[in-house]
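The values are calculated or read from the model by the stated rules, or taken from the named source; none is laboratory data. Treat the numbers as computed from the prediction; the structure is a model and nothing was measured. FYI the Cβ positions are ideal-geometry reconstructions off the backbone, even for glycines, and counts take in every protein chain you see.
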Amino acid sequence: MFSISTLVDVVRIPPSLFGTTLKRAAVNILKEKYESMINADLGYIIMILDAKVDEMGRMMAGDGGTFHRVEFEALTFYPRMQEIVRGEIVDITDFGAFVRIGPTDALLHLSQVMNDYLKSDVKSGIILANQSGRTLRVGSMLRSRITAVSLGKGAAMGKIGITCRQPFLGADEWIAEEIKGGGPKQEAKAEAK
């Protein structure tokens, strides 16, 4: 889930930035410190949007910079358990696919794609279902549910697991078939008659 979070910090403005505006200097320092960072409470910090800098700063003995309190807004993305997300397949592996959701990639394991035997062809960038003939390719758009989230301690990049093994999840064309009533469950019933 994307959100805008309000944070507070104290930034050190070095003498080399005294010629620029206080806000611009503070925003540049905050961008270097926070953007592309993963925080266990906030999730992925994508970008700094705005900052309010206290004009009256403090100086410390032996340091030529000034220290200013800053209240700032940051665009964040925190993947929530059971959240439905859309994403694009960016990589196919022997064990599944990586799906770009927001600013990061989530793992869609082969066992979580569908109720069918699947084959993964890494060279061709495709996952093929044996019985239904459905495929996933690099570039396919899909809808999935978040089933595992590990951010913060021990997960330097963060780990997210997703599934498509529920109704109205999967590739866009699969969902369209389900809505029309011609999904694999309907086809299996028709063949049994």
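Of the residues making up segment 96-138, those that are out of contact with any Lys or Arg (no Cβ under 6 Å at 6 or more places or on another chain), among the hydrophobic types (A, V, I, L, M, F, W, C) and in a strand (DSSP E or B) are A97, F98, V99, I101, A106, L107, L108, L118, I127, A129, L136.
Entry remark, segment 9-37: residues being surrounded by fewer than 17 Cβ atoms within 10 Å (Cβ to Cβ) and either outside the structural domain of E71 (by TED's automatic domain parsing) or closer than 15 Å to T76 by Cα (or both) number 5 in total. Within segment 36-54, being part of a loop (DSSP other than H, G, I, E, B) and either at pLDDT 90 or above or β-branched (V, I, T) (or both) holds for one residue alone: D54. Pull up segment 139-193, narrow it to residues that are assigned to a loop (DSSP other than H, G, I, E, B), among the charged types (D, E, K, R) and loosely packed, with under 12 Cβ neighbours inside 10 Å, then point me to the one that is modelled with the lowest pLDDT. For segment 139-193, the residue satisfying everything is K193. Can you tell me which residues in segment 49-99 are touching a Leu at 6+ places or on another chain (Cβ under 9 Å) and of a type in the set (A, V, I, L, M)? Selection gives L49, A51, V53, V70, A74, L75, I84, I89, I92, A97, V99.
Suppose we filter segment 58-96 for residues that are over 30 Å from I162 (Cβ atoms) and either assigned by TED's automatic domain parsing to the domain that holds V122 or not hydrophobic (A, V, I, L, M, F, W, C) (or both); how many remain? Steps first, please.
Kept after step one, since they are over 30 Å from I162 (Cβ atoms), are these residues of segment 58-96: 58-72.
Pick out the ones that are also either assigned by TED's automatic domain parsing to the domain that holds V122 or not hydrophobic (A, V, I, L, M, F, W, C) (or both) and you get 58, 62-66, 68-69, 71.
So the count comes out to 9.
On the given criteria, is D91 over 17 Å from M1 (Cβ atoms), of a type in the set (D, E) and in a loop (DSSP other than H, G, I, E, B)? Here the answer is no, as D91 does not meet what is asked. The set of residues from segment 55-87 being within 32 Å of the chain's Cα centre (by Cα), outside any loop (DSSP other than H, G, I, E, B) and surrounded by fewer than 14 Cβ atoms within 10 Å (Cβ to Cβ) comprises E71, I84, R86.
Scan segment 47-57 and give yes if some residue there is among the basic types (K, R), in contact with a strand residue (DSSP E or B) (Cβ under 6 Å, 6 or more places away or on another chain), in the same structural domain as P15 (by TED's automatic domain parsing) and within 15 Å of P14 (Cα to Cα), otherwise no. No.
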